[in-house]
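Please treat every number below as a calculation from the coordinates, not as lab data. The structure displayed is predicted, hence computed values, not measured ones. Glycine gets a Cβ as well: all are built from the backbone with ideal geometry, and neighbour counts include every protein chain shown.
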Ligand SMILES: Cc1cc2nc3c(=O)[nH]c(=O)nc-3n(C[C@H](O)[C@H](O)[C@H](O)COP(=O)(O)OP(=O)(O)OC[C@H]3O[C@@H](n4cnc5c(N)ncnc54)[C@H](O)[C@@H]3O)c2cc1C
Ligand code: SF4
């Protein structure tokens with residue numbers, strides 16, 4: 001373990017001030033990802049700024065009918081919050097598909113957004129990795145890439161974003177509230193995470209010194225017709241090979257509104273507005289879902305070990321849209337299995 005200095009912030013403004021005074025410092029919230037990365041020498045912050053006690057732990061309804069979730073709301077509290085269960089069950093299902101109960105008790109809303117990729121080469125400092133050490137190469141392209149991206153890849157990095165919750169937040173078009181040295185701003189969820197491009201070391205569009213203060217959900221939660229399906233090597237405690245968040249508004253068998261996002265396939269949750277637009281006004285049937293899947297996966301390409309993910313994603317999309325249309329989410333099937 002490396003040596004580091006430690007400071008505890010009193011409020012969000014104090015956290016920004018402490019960060020500005022110590023370039024190379026990192027915020028620590030639940031610590032479930034950052035501490036692991038420090039143990040393997042991937043993250044080496046000179047100073048940790050503890051934000052875990054900041055007063056950002058409430059879930060409040062907004063004037064516009066949405067929900068404002070404080071950045072330090074633990075993943076467990078959020079998943080079981082009555083307003084999430086009633087109005088945004090897609091978010092609750094996605095959270096509960098991730099990690100373990102103990103981890104979810106520690107993990108925070110803001111930390112979940114900024115957790116780093118699980119690419120094994122990123123964790124292994126003996127191998128080249130452009131994300132860990134820009135310019136060193138990408139060991140995954142010619143290496144073991146079974147869990148890697150099939151969409152939006154670059155020659156510099158084919159890693160995927162590992163979060164489940166973020167796939168649901170992407171589908172519901174959440175907004176991220178941030179505070180930084182230049183003041184407050186909001187970032188649309190679609191613009192929060194980045195594709196790897198030529199700068200895979202940057203996961204998000206958060207500027208240096210900025211802190212996430214909240215995530216806001218819009219009024220529309222698609223609580224009647226939704227499903228989150230996560231395909232993984234084990235039923236629990238494993239990251240997604242493919243995940244699908246589907247949310248529909250269906251009237252007399254016709255799709256009035258649609259949301260579709262994929263996890264485990266790209267450097268960020270993968271959502272394409274043109275695919276959702278193509279679903280609107282169509283019958284909620286398998287032929288329409290198949291066309292949507294083909295459109296969403298049109299540019300997918302594998303790197304050898306992960307070629308199977310393209311067909312897996314297609315079948316997962318069909319299944320999840322069907323579950324959403326019938327009002328039978330995957331979380332209900334999971335309960336039957338248990
Ligand atoms: C064994 C294991 C299995 C897991 N399985 C899954 C899974 O299946 N699905 C899934 O989605 N996740 C999974 N996770 C990941 C887990 O959800 C994340 O580690 C967790 O959400 C991170 O939150 P945290 O508060 O602990 O973040 P921390 O570890 O404290 O921080 C993570 C990063 O975010 C930054 N940060 C934290 N909060 C803020 C903020 N408010 N503003 C600015 N920067 C901030 C930190 O500086 C750090 O860079 C797993 C983790 C483990 C260890
Ligand atoms: S895929 Fe990205 S994270 Fe993995 S080795 Fe390549 S550059 Fe590093």
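For segment 215-235, backbone nitrogen atoms closer than 20 Å to the point 7 Å from residue 305 Cα along Cα-to-C-beta are found at 231-235. Round to the nearest 10 and give me the degree value, 0 to 90, for the angle of helix 308-326's Cα axis relative to the longest principal axis of the chain. Once rounded, the angle reads 60 degrees.
For the listed peptides 178-189, 262-273, 131-142, a ranking on the average number of other beta carbons within 10 Å per residue, highest first, reads 262-273, 131-142, 178-189. Using R0 = 25 Å, the C-beta based FRET efficiency linking residue 155 and residue 298 works out to 0.80. Using every pair of distinct Cα positions in segment 43-164, the Kirkwood expression returns a hydrodynamic radius of 16.7 angstrom.
Kirkwood Rh over alpha-carbon pairs of segment 119-195, then Stokes-Einstein at 37 °C and 0.692 mPa s: what D in µm² s⁻¹, rounded to an integer?
Values: Rh = 14.4 Å.
This corresponds to a translational diffusion coefficient of 227 µm²/s.
Normalised by the number of residues in the chain, the mean separation of alpha-carbon contacts (under 8 Å, six or more apart) gives a relative contact order of 17 percent.
Sorted from largest to smallest, which semi-axis lengths in Å does the alpha carbon gyration tensor of segment 226-326 give for its equivalent ellipsoid, taking the root of 5 times each eigenvalue? Intermediate results must be reported in sequence, preceding the final value.
On the way: eigenvalues 109, 43, 23 Å².
Ellipsoid half-lengths, sorted descending, are 23, 15, 11 Å.
For the chain, the longest principal axis of the C-alpha atoms and the axis of helix 286-296 are separated by about 30°. Note on segment 5-52: semi-axes of the ellipsoid equivalent to its C-alpha gyration tensor, largest first and rounded to whole Å, are 19, 12, 7.
Take the convex hull of the alpha carbons in the chain; its mean projected area over all directions comes to 16.7 nm².
Multiplying the sequence separation of residue 332 and residue 184 by 0.36 nm and subtracting their Cα-Cα distance, what value in nm do you get? If you can, show how the numbers build up before the last one.
Working: separation 148, 0.36 × 148 = 53.28 nm, distance 3.95 nm.
Computed gain between residue 332 and residue 184 is 49.3 nm.
Averaging the Cα positions of each part gives two centres, and for segment 312-334 and segment 269-309 these lie 14 Å apart. The helix-only estimate of mean residue ellipticity at 222 nm for the chain, built from DSSP H runs of length n ≥ 4 each weighted as -39500 (n - 2.57), is -8000 deg cm²/dmol after division by the residue total.
Spatial offset of segment 3-55 relative to segment 175-201 amounts to 19 Å, using the alpha carbon center of each.
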